[in-house]
Amino acid sequence: MGLLPLLLRGAPKRFLRASGSYRSLYESNSRRRRHGTDAAAADQAVNSRADHRPDDQMLDFPGAKAAFTSRMEFISPNAAEAVPCFRILDDLGRALDGSDIPEVDSSLAVKMYHTMVRLQTFDSIFYEAQRQGRISFYLTNIGEEALNVASAAALTKDDVVFPQYREHGVLMWRGFTLDEFANQCFSNEAGHGKGRQMPIHYGSEKLNYFTISSPIATQLPHAVGAAYGLKMDRKNACAVTYFGDGGSSEGDFHAACNFAAVLEAPVLFVCRNNGYAISTPACEQYKGKHSIQLLAFVLTTSQYFFLFLNFDAPGDGIVVRGRGYGMTSIRVDGNDALAVFKAVSAARKLAVEQSKPVLIEAMTYRVGHHSTSDDSTKYRSGEEIAHWRSVRDPVLRFRRWLESNAWWSVEDEKELRGAARKEVISAMNQAEKKNKPPLSELFTDVYDTLPRNLLEQEATLRDTVSKNPPSLAPH
Amino acid sequence: MLPGIVRSSSRHLPCRRSLTKWMSVRNLAAASGDQMTVRDALNSAIDEEMAADPKVFVMGEEVGEYQGAYKVTKGLLQKYGPDRVLDTPITEAGFTGIGVGAAFQGLKPIVEFMTFNFAMQAIDHIINSAAKTYYMSGGQISVPIVFRGPNGAAAGVGAQHSQCFAAWYGSCPGLKVVTPYSAEDARGLLKAAIRDPDPVVFLENELLYGENFPVSSQVRDPNFTLPIGKAKVEREGTDVTITAFSKMVGFALKAADELAKDGIKAEVINLRSIRPLDRETINASVRKTYRLVAVEEGWPQHGVCAEVCASVQEESFDYLDAPIERISGADIPMPYAANLERLALPQIEDIVRAAKRACYRSK
């Protein structure tokens, strides 16, 4: 008990006051022993505490430390202003006045741009391939190329990445080749995954990119656990995990954030708030209403008048939850490659040097459908999609900045687009021709060593195959 | 051995971690002589593995400051510090996911569930994140994790604290599932589980924690392990085979004593391992006795005994002289009232009657 008063603000004075009240408590207890009346002693104790004005007393419950107040005031569900969004380039790729451009030289910038274009090209061609029935499933990153590549560029190769599934650009930046991407999508025998997973569920131990897993947000606590491992091993590295606005609703998000803060794990939580979780818009994913936003839309863009009258504007996103967990957080324009690069670099430094988690909410827009199993025109307008695909294209925005620095030209663009297209189509055709994985890989990797029951099953299966038409299984 | 001095008042203060240095360690050497409780067997196994390998760590609710909900992790926080014995917030899904992530990264977590009933809140991480990842990643990511805790019925804890999960986890490829009975089982299997590169579900039993078992000096050796996937013939016999695991092994042995009085020599097999199941030992025994009684505490449909029956029926059909008898818990959520609970769980008399039926000595 003696320690508690020292922890309060304005320690010396309050210590005397508090111990004064405790002393009266002890005195009243001894009075009780003399007189034997519990009720009277309790009254005495309460009265002696009440001698002090309420705001002199400090909250001393184990759950929190705060001042008391005699004014009953509920905390409003929304702050007066939404958390501002950090950006460096405007929508046309021009550096804003007063912005502090991060150290991105021409070779880094051009490499980032190359990767974004290659990603965009790969996505378009493979999406079409699924439509043609050449692969069973595909999921694009369209609209989030800058977020993918710029965040990856701000990390080191020792940082371990725990993706959701819309971060192929991070893997591409790290060096996963077009052939490797294609082999996994076609689940052929050259694929890293040995044909075990659906298309786009990439993974690379070598590139520190953990295999994509379908259940939403399970990668968040995984990342915290891995970060804890990095901290125990004292590595100069952090864990980085990506998830969407929808993923933030999962229970795993809560547990991971809470744990990361409590354990002081060096992990970056990167929320790709792209406005949709399949068909669920952000305003239905989380609650809150900004009347200011609503008014602005009515005044300036009357064509949206009816749309927004029927919708609640979404609450203030994911970034505000960071404080609830005791976590440093920031909101950034996810379509601004430079802002993403700068924010992730700074967050990484904080995580690694101070062993703290950081929440980064990157605002962006999912231009493509959720996946090839979705037709998003069913829940959003074609005009909206077209607007974000063209005018708000983050790749184009970054290109404009490159051009303004004379690091890129129209000829370069033509050449890159042509080359990228050729490379992707070549990779696709090669991957399609390769054999599917052999039977010998059906039973491996269930356990560290192949158990006897699986060896028996394999023997039985081979026997069945040999006695039946060859169409059953090759080799 | 001096008794430890425990500052119980420390638990009422908000930040518990800073006070660990004030708590001295109670001497944890197992009871003298050649006996050991299951609790001490588990504790010493974890302790020795943590001492031998700095990558091994423990996490769960109440495992640290509280010394473990069932005191299995007693003294470990004092010995290894809060970096290796983590008291977690209440989120099974959360800390299981975190444990799996740590295992992905190369650490060797021992995740404790207060009971496996609560592990259902984390079962997605156990199956989808732990069991399947080595396979789905094409052999790139291994998951050397142990999930342990009490499983099955205790005494008077009702439906949500009494379910047996052996059959559910036992059906899942990618997991290993073990069910120790004695102190020797507990030590050997837990050490093997911690050293195993695959995820292991380690199903203990609350009522066995305090039971004493004889242990040899070999069992006490820090390098003592038992192979996962091998059953143990606890008692040899010639007339009927009784298979059981966990607490039911004790019941089966007592049933064997009863049967011996009537001249029936029962062979009792302690399965020890649910996945992989030691079909060889079970079938070799049935080929000797020609009769089988399979016993488990859990629910009958799709239970462990169903798999034992299927195996024997497939591999030793011609040897059977009687239909296989299955003894399992009643097909109901566990009631609380003591008399109802007793009626819902297998008793020694049930095993005796079943064995006699198999031997055509009774109806």
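The values are calculated or read from the model by the stated rules, or taken from the named source; none is laboratory data. All values derive from a computational prediction rather than experimental measurement. Don't worry about glycine lacking a Cβ; one is built from the backbone with ideal geometry, like all the others, and counts go over all protein chains shown. Accessible surface areas use protein heavy atoms only, side chains included; no ligands, DNA or RNA. Shrake-Rupley method; radii C 1.70, N 1.55, O 1.52, S 1.80 Å.
Observations on the structure shown:
- Enumeration of residues in the range A:347-388 that are surrounded by fewer than 16 Cβ atoms within 10 Å (Cβ to Cβ) and of a type in the set (A, V, I, L, M): A:386
- In the range A:149-158 there is no residue that is surrounded by fewer than 21 Cβ atoms within 10 Å (Cβ to Cβ), within 20 Å of residue A:430 (Cα to Cα) and out of contact with any helix residue (DSSP H, G or I) (no Cβ under 8 Å at 6 or more places or on another chain).
- Here B:233, B:268, B:219, B:249 are screened, and the one residue that is under 26 Å from residue B:154 (Cα atoms), β-branched (Val, Ile, Thr), more than 14 Å from chain A (Cβ to nearest Cβ) and assigned to a helix (DSSP H, G or I) is B:249.
- Members of the range A:435-455 found to be in a helix (DSSP H, G or I), facing chain B (nearest Cβ under 10 Å) and not aliphatic (A, V, I, L, M), listed by number: A:441, A:452, A:453
- Residues satisfying the stated conditions in the range B:139-178, i.e. within 14 Å of another protein chain (Cβ to nearest Cβ) and open to solvent by 10 Å² or more (accessible area, probe 1.4 Å): B:139, B:140, B:141, B:142, B:144, B:170, B:171, B:172, B:173, B:176
- Output for the range B:287-306, where each listed residue is within 19 Å of residue B:247 (Cβ to Cβ), out of contact with any Leu (no Cβ under 8 Å at 6 or more places or on another chain) and either open to solvent by 70 Å² or more (accessible area, probe 1.4 Å) or not in a loop (DSSP other than H, G, I, E, B) (or both): B:293, B:294, B:295, B:299, B:305
- When the range B:66-116 is filtered for residues that are of a type outside the set (A, V, I, L, M, F, W, C) and more than 30 Å from residue A:208 (Cα to Cα), the ones remaining, listed by number, are B:66, B:67, B:68, B:70, B:71, B:73, B:74, B:75, B:78, B:79, B:115.
- Filtering the range B:80-136 to residues that are assigned to a loop (DSSP other than H, G, I, E, B), under 20 Å from residue A:253 (Cβ atoms) and more than 7 Å from every other protein chain (Cβ to nearest Cβ) leaves B:88, B:90.
- For the range A:210-259, filtering for residues that are touching a Phe, Trp or Tyr at 6+ places or on another chain (Cβ under 6 Å), more than 7 Å from chain B (Cβ to nearest Cβ) and not in a helix (DSSP H, G or I) leaves 3.
- Residue within the range A:457-469 that is within 14 Å of chain B (Cβ to nearest Cβ), open to solvent by less than 80 Å² (accessible area, probe 1.4 Å) and over 30 Å from residue A:227 (Cβ atoms) present: yes
- Counted residues, the range B:188-213 - those being over 11 Å from the mean Cα position of the chain (by Cα), among the charged types (D, E, K, R) and part of a helix (DSSP H, G or I): 2
- The lone exception for residue B:343 - which of (1) in contact with a helix residue (DSSP H, G or I) (Cβ under 9 Å, 6 or more places away or on another chain); (2) open to solvent by 90 Å² or more (accessible area, probe 1.4 Å) it fails: (1)
- For the range B:307-323, a residue qualifies if it is under 30 Å from residue B:163 (Cα atoms), open to solvent by 20 Å² or more (accessible area, probe 1.4 Å) and either touching a residue at least 60 places away in the same chain (Cβ under 8 Å) or among the aromatic types (Phe, Trp, Tyr) (or both), and exactly one does: B:307.
- Taken residue by residue, the range A:418-434 has no member that is away from chain B (no Cβ under 14 Å), open to solvent by less than 30 Å² (accessible area, probe 1.4 Å), over 23 Å from residue A:132 (Cα atoms) and not charged (D, E, K, R).
Residues are listed down the side, and each one gets a yes or a no for (1) part of a helix (DSSP H, G or I); (2) in contact with a Pro (Cβ under 7 Å, 6 or more places away or on another chain):
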residue: A:317; (1), (2): no, no
residue: A:346; (1), (2): yes, no
residue: A:352; (1), (2): yes, yes
residue: A:362; (1), (2): no, no
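- Set side by side, the residues A:139, A:89 differ, and just one is crowded, with 21+ Cβ neighbours inside 10 Å and under 23 Å from residue A:163 (Cα atoms), which is A:139.
- With respect to the conditions (1) under 28 Å from residue A:134 (Cα atoms); (2) within 8 Å of another protein chain (Cβ to nearest Cβ); (3) open to solvent by 20 Å² or more (accessible area, probe 1.4 Å), residue A:201 falls short on a single one, namely (3).
- Residue within the range A:255-268 that is free of Cβ contacts under 8 Å to residues at least 60 places away in the same chain, on the phi < 0 side of the Ramachandran plot, open to solvent by 10 Å² or more (accessible area, probe 1.4 Å) and of a type in the set (S, T, N, Q) present: no
- Condition check for residue B:258: in a helix (DSSP H, G or I), among the charged types (D, E, K, R) and farther than 20 Å from residue B:350 by Cβ: no
- Scanning the range A:229-244 for residues that are open to solvent by less than 10 Å² (accessible area, probe 1.4 Å) and at pLDDT 95 or above gives A:230, A:237, A:238, A:239, A:240, A:241, A:242, A:243.
- In the range B:188-208, the residues that are touching a residue at least 24 places away in the same chain (Cβ under 8 Å) and within 14 Å of chain A (Cβ to nearest Cβ) form Cβ pairs under 6 Å with partners that are assigned to a loop (DSSP other than H, G, I, E, B) and among the polar types (S, T, N, Q), at six or more places apart or across chains, as follows: B:192/B:225; B:197/B:142.
- Meets criteria (within 13 Å of chain B (Cβ to nearest Cβ) and surrounded by 20 or more Cβ atoms within 10 Å (Cβ to Cβ)) for residue A:186: no
- Positions within the range B:224-253 being open to solvent by 70 Å² or more (accessible area, probe 1.4 Å) and either of a type in the set (Asp, Glu) or without any contact (Cβ under 8 Å) to a residue 24 or more places away in the chain (or both), in sequence order: B:236
- Just one residue in the set B:278, B:262 is free of Cβ contacts under 8 Å to residues at least 60 places away in the same chain and either of a type in the set (Asp, Glu) or surrounded by 20 or more Cβ atoms within 10 Å (Cβ to Cβ) (or both); that residue is B:278.
- Considering (1) touching a residue at least 40 places away in the same chain (Cβ under 8 Å); (2) touching a Phe, Trp or Tyr at 6+ places or on another chain (Cβ under 7 Å); (3) aliphatic (A, V, I, L, M); (4) open to solvent by 60 Å² or more (accessible area, probe 1.4 Å), the lone condition that residue A:391 does not fulfil carries the number (2).
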